[in-house]
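Structure first, then comments.
Where a number appears in this text, it was derived from the coordinates with a stated rule and is not lab data. Quick caveat, the model's predicted, so the values are computed rather than measured. Using ideal geometry, Cβ is built from the backbone for each residue, glycine included, and neighbour counts are taken over all protein chains shown.
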Amino acid sequence: MSSSDQPAAPPRDPRPLQHIFRWDLDKTYLRTDFETLPDLVRTFMQTPEEKSVVPGADALLREVLRPNPSYRRIVSFISGSPQEMRRVLEEKFRIDGIDPDFFVLKPNLQNLLRGRFRAIRGQVGYKLQALLDIRLRAGAAPETLFGDDAEQDALIYCLYDDILNGAVGRAHVAEVLKAAKVYDDTIDRILHLIRQNGVQPIKTRVFIHLDRHTPTAVFNPYGARVVPIHNYFQAALVLFSDGVIDAESVLRIALSMSQRHGYNAAMLANSFQDLIRRRRLGQGVALELAETIVEVPVPKEIPLTLRPEVILTEFARRLRGVGDDRGGPLLSDVGVPDYIELVKARHRR
């Protein structure tokens, strides 16, 4: 992150900060291909109207950012896309009804002109610096972070979480960043930001959108805080369990995914069942959702196949197929991951 792309602080708001949401952009919010040079060129040339959103991502964002007179929530986007795409991406946000408080893009042209070729592809130093900088500007609050399996988002987000919670010291962070081949001046800035932020114990949830269908067990070293998801209805269910959104929001997200992306009750129930099989949600969440969702006023536009009673019946039928061995205790925290080995393993791949 260069001085020309420092995120501006949002206007002063007297309401207390209740939650911070962090989003990656490509393959997390936007459906993006950049595996080949033609893919990159096509992505760069797309108009805002041509860019498509990962199903449910925009609906979930609108729900977590619903205005509340008692508190405020902050959303930031930190993307590896080049700064030259800012105008197009900001227009895409406007079309989707999303107004980020912070929006950081990568200074790839500057990196190229300065011969910093590792920084063009590397994400660890760039994103960690941006996360710490925004935290310093925004203030302390619980955080929910969204990334994907195309880069190293799980590692970056968990390292950031462990830094703020005091689980890793500055010396160890420096070793991890050196293993990730981060430039020395970026390491120095990150260590300075760590000192400025200090220890701020927070509750953190990390979602990793499985764009590349990475086996979910790959993320087990990061513990229960990381939830790999196949779709954003799964994220909505976990956020409901966390108390971040309510049953009405879950229903609206399901409706959006049905109307715009063809999700039906069986597909949504499969998503719920998958989380329970992977021990990311307890069966009690289904009962809690059932008890609350029936009280939600159902908009007339919701089709019969998505009425709460139909969804819940499908949930119940599928939950009965989850045996005790597959629907056992939730995954537990595993302590501080071996970040250096995880970085090295990524380089080997």
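On full extension, the segment bounded by residue 12 and residue 70 gains 19.4 nm, given 0.36 nm per residue less the C-alpha separation.
Of 338, 274, 133, how do they rank once you tally other Cβ atoms within 10 Å and put the fewest first?
Ordered from fewest to most neighbouring Cβ atoms within 10 Å, 338, 274, 133 come out as 338, 274, 133.
The fewest-to-most ranking of 101, 185 by surrounding Cβ atoms within 10 Å reads 185, 101.
Applying 1/(1 + (r/R0)^6) with R0 = 25 Å to the Cβ-Cβ distance of residue 191 and residue 140, what FRET efficiency is obtained, to the nearest 0.05?
Working: r = 20 Å, r/R0 = 0.79.
Computed FRET efficiency for residue 191 and residue 140: 0.80.
Counting beta carbons within 10 Å around each of 92, 203 and listing the fewest first gives the order 203, 92. Comparing 197, 270, 68 in a Gaussian network model of the chain (Cα springs below 10 Å), the most mobile by mean-square fluctuation is 68. Averaging 1/r across all pairs of distinct Cα atoms in the chain and inverting the result yields a Kirkwood radius of 21.1 Å.
Beyond 28 Å in Cα-Cα separation lie the following of the pairs 92/181; 92/344; 27/203: 92/181; 92/344. Between the stretch 199-253 and the stretch 71-101, what is the C-alpha centre distance in whole Å? What the calculation gives is 21 Å, centre to centre. In this calculation the C-beta distance from residue 170 to residue 287 is compared with R0 = 45 Å, giving a FRET efficiency of 0.50. Between the Cα long axis of helix 232-242 and the first principal axis of the chain there is an angle of about 90°, rounded to the nearest 10.
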